[in-house]
Structures are given as C-alpha cells and as structure tokens.
Amino acid sequence: MRERLFEALDAEWAIVGSSQQARASIARWAEREPALTGIVSPAEAVERCRRAEPAAAAVILGAVLRHAREPLAARTVLQAVVPALRAQAARRVGGVRHLVTGQGWQASDDFDADVVELALARIAALAGTSPAWPAQAICEATWTSLRARLGHAARRGLAPMEIDEQAVNVEASPSRTDAESLALAVAGAVRAQWLALDDARVIYATRVLGLTPAEVAAAQGRDVRALRTQRRRAERRLVHAGWAPATGMAPCRSAALASSSAAAG
C-alpha cells in the first residue's frame, strides 16, 4: 500500500526540520524576526505553533511566512498547518470525494495531494506578507479552491452523482458557510433515515456544489422538471422535519434549509 502523503510529510520533516541547514536558516530569519529569537530550528518553530495559544502561534507562523519565498520557510509553514489540512481533508471533503464519479478524486492519496498542492500555492501567494491569522488564511483559501476545483470538474464532464458512506458522516467546522451547514443537514438527515440517498444527491449537487438542475438532469438522463419536483419535495421534508445543520440532530428549524426550500423550483 502506498504511504499516505501526510505521513510522508511528517517523516520527511523529522529529517529536514532539525538539519544543520535548517538551524542556520532560522537563525538568519531570527535576525529580522524577534518572534523567532531563541527558537533553534524550524522543527521547534512548528512545535511551538502547534502547542501555543492561537494568538502566539500566529505571531511565530507569521514571522516564518514573511520569509516563505525561501523553500525551507515555505516548507516550515506547510508543516505547521499539516494537522489542520489533514483534518480538513478528512472532515470537510470526505463526503464529496466521490460525488462526481470519474471527475472527482478517485483515491484519498490523489485528494490529499491536491490539498497540499493548493496549500503550497496559497503559502507562495502570501509569502512576504503579514496576515493576522496565517493558518486560517492558508487553510480557508485551500478549502475554497478545492470546492471550486470540484465544481469545475463536475461541469466539464458530469457523471451520475453519488453519496457514499463518508458523506453521511461529514462534519463541519465552527465557522462553516451556509453551503457547509446545508451539507451537514443533508448528511445528517440521510444518516437518520429522514432523507433518501437519491433526494440527498439532488440537493447536494444543486445547493452545495452549485450545479444547475439542468446539468444534473442531463447527467442522470432525466427530465429537469421531474428533478426540480424531487428537490422541492425533499427540501420541504427537511424543513418540516425541523432538521438543524448546526448540530446534525436537534429538532429545530434551520434558516439555511428554510431559505433553500423557499427558493426551490
């Protein structure tokens, strides 16, 4: 079995992060960055970022990010956010990985590679700048790019939509968007057997991924009017059941679902 990417990054970092070259580099960065004073290696900087309170971690990570035009500094920033990226990969997109058969990510290794690729691109774009919350600036932009990439792939070549077992176990972050809240509600409703998988596929494809009913109908070989009717009935079922995206369980009406149902048709 091929080694998973995040584990490979950790193994590589165990060697790179404390090397003599790495120690010399962080000493040089510290000459211009007081926040790095006393930190003897990039590996120690990463550990401090992971253990510190968010505000303190942001100061350290921001100091390294300002030097991220250097490959080693960029790699240090990446390693600092690896736990967040790993959780993001498992939590936020686990349920959409196979939504578009043949167009999405066919293996978790492929998906993880895209996560890292986009995170590195974001780090490169932010190199030399000073965002207040560097980790959030990197991770949230990575997720936004992933959603855009999946939507683009879906539009280029639609195949039948699928929701697998991972989809009904999806969780959302505390700062989730309306689309993420709706995704969580749909997944929870399927898990609780309030909503059929076929209905969930239609809601997810059109309301979360942003595909039009016509696109989904064409991919499934269906009449668009029938698909719209199916979606409207499914959304009404969710609203009438009082499903709450915030918890995935509690019976209270959701503004996100209510607004989606009102806009159906």
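Checked across the stretch 155-178, the condition of being in contact with a helix residue (DSSP H, G or I) (Cβ under 6 Å, 6 or more places away or on another chain), modelled with pLDDT of 80 or more and not charged (D, E, K, R) holds for no residue. Here's a check for you: in the stretch 201-232, which residue that is modelled with pLDDT of 75 or more and assigned to a loop (DSSP other than H, G, I, E, B) is surrounded by the fewest Cβ atoms within 10 Å (Cβ to Cβ)? Among those that are modelled with pLDDT of 75 or more and assigned to a loop (DSSP other than H, G, I, E, B), it is GLY221.
The number of residues in the stretch 28-42 being farther than 13 Å from LEU72 by Cα and either surrounded by fewer than 17 Cβ atoms within 10 Å (Cβ to Cβ) or at pLDDT below 95 (or both) comes to 6. Checking each residue in the stretch 13-66 for being touching a residue at least 40 places away in the same chain (Cβ under 8 Å) and assigned to a loop (DSSP other than H, G, I, E, B) picks out GLY17, ARG66.
The values are calculated or read from the model by the stated rules, or taken from the named source; none is laboratory data. As the structure is a computational prediction, the values presented were derived from the model and not from experiment. Here the Cβ is made from the backbone with ideal geometry for all residues, glycine too, and neighbour counts use every protein chain on show.
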